[in-house]
Amino acid sequence: MKKDTGAALLATFLAANASPAAAGDWHASLELGAAWQTRNDFRIPGDTGTLVALADLETGPVPAARATLTWDLTERQSIRLLAAPLRVETRFAPATPIVFQDLVFPPGQATDATYAFNSYRATWYWRFPPGERWTVRLGATVKVRDAEIGLAGTPGDSVKDDLGAVPLLYAYARYQATDRFAVELEADALAAPQGRAEDVSLKGVWRVSDRVDLDFGYRLLEGGADNDEVYTFAFFHYAVAGVRVRF
């Protein structure tokens, strides 16, 4: 009887202190969806260029995708690598001249605008001990942005590109509603006088097997910068679905 009681207490202790992921585990996910722009304003140079509002010309949708690979370093720490490309192309005829870098695009002429914002991120985060239904993570992200804004038309082609790294804060919360269904909120975000960036998703997650989950939900991507060299702010809304695999 004492042996059975001891075994029961040990099992209870291990279950209460079990980690949702063991050290050395790998997770991969692929997300596909469609994105709509409700704001996409740019002016280059930032002080003397002409403001162009692409969202007033076309809202979308445009195809969107991202891939994520996560490695659980320890029972509490993980590393996440993410690639999220985004590209919008719009043809329009400006009503007034557009000053863009060293060119002036005349009114009434077909002009092609390109907006690309490709994001590559490395995140370290800490997984707090799970509760009965809640799971929380906090960490930090380094985002490498590979951005491009360009106009092409009668006077020629002009492109403004930008490659740089910015720090972000990472946060995640998950509520396990049933054994197979959970709701999760995830965010990379930070604001500073030079600009801001927010990438936030709200998803439902279905567990279809011990190794595979399916998810669906909403994502917002917002941010920009305002300085002498460039003025650009954009706001995208996504409808997304994805698959996740544990190795």
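The values are calculated or read from the model by the stated rules, or taken from the named source; none is laboratory data. Worth saying up front: this structure is predicted, and the values here are computed from it rather than measured. Cβ coordinates were reconstructed from backbone atoms using ideal geometry, including for glycine residues, and neighbour counts include every protein chain displayed.
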If residue 66 satisfies all but one of (1) closer than 30 Å to residue 185 by Cα; (2) surrounded by 18 or more Cβ atoms within 10 Å (Cβ to Cβ); (3) out of contact with any Pro (no Cβ under 8 Å at 6 or more places or on another chain), what's the number of the condition it fails? (3)
Within segment 183-207, the count of residues that are in contact (Cβ under 8 Å) with a residue 24 or more places away in the chain and out of contact with any Leu (no Cβ under 9 Å at 6 or more places or on another chain) comes to 2
How many residues does segment 180-208 contain that are farther than 19 Å from residue 140 by Cα, at pLDDT 95 or above and not aliphatic (A, V, I, L, M)? 6
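Wholly within segment 86-125, which strands (runs of 3 or more DSSP E) include no fewer than the required count, namely at least 3 residues that are hydrophobic (A, V, I, L, M, F, W, C) and loosely packed, with under 14 Cβ neighbours inside 10 Å? Walk me through how you get there before you give the answer.
Values: elements: 87-92, 98-100, 103-105.
Because the criterion is at least 3 residues that are hydrophobic (A, V, I, L, M, F, W, C) and loosely packed, with under 14 Cβ neighbours inside 10 Å, no strands (runs of 3 or more DSSP E) in segment 86-125 meet it.
Could you list, in sequence order, all residues of segment 68-85 that are part of a loop (DSSP other than H, G, I, E, B) and under 14 Å from residue 25 (Cα atoms)?
Looking only at segment 68-85, we keep the residues that are part of a loop (DSSP other than H, G, I, E, B), and these are 73-76, 85.
If the condition is that a residue be part of a loop (DSSP other than H, G, I, E, B) and under 14 Å from residue 25 (Cα atoms), then 73, 74, 75, 76 are the ones that fit.
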Please work out which residue is surrounded by the fewest Cβ atoms within 10 Å (Cβ to Cβ), limiting yourself to segment 126-138 and to residues that are assigned to a strand (DSSP E or B) and without any contact (Cβ under 8 Å) to a residue 40 or more places away in the chain. 138
Being buried (at least 18 other Cβ atoms within 10 Å of the Cβ), of a type in the set (Val, Ile, Thr) and not in a loop (DSSP other than H, G, I, E, B) is the filter here, so list the residues in segment 22-56 that pass it. 52
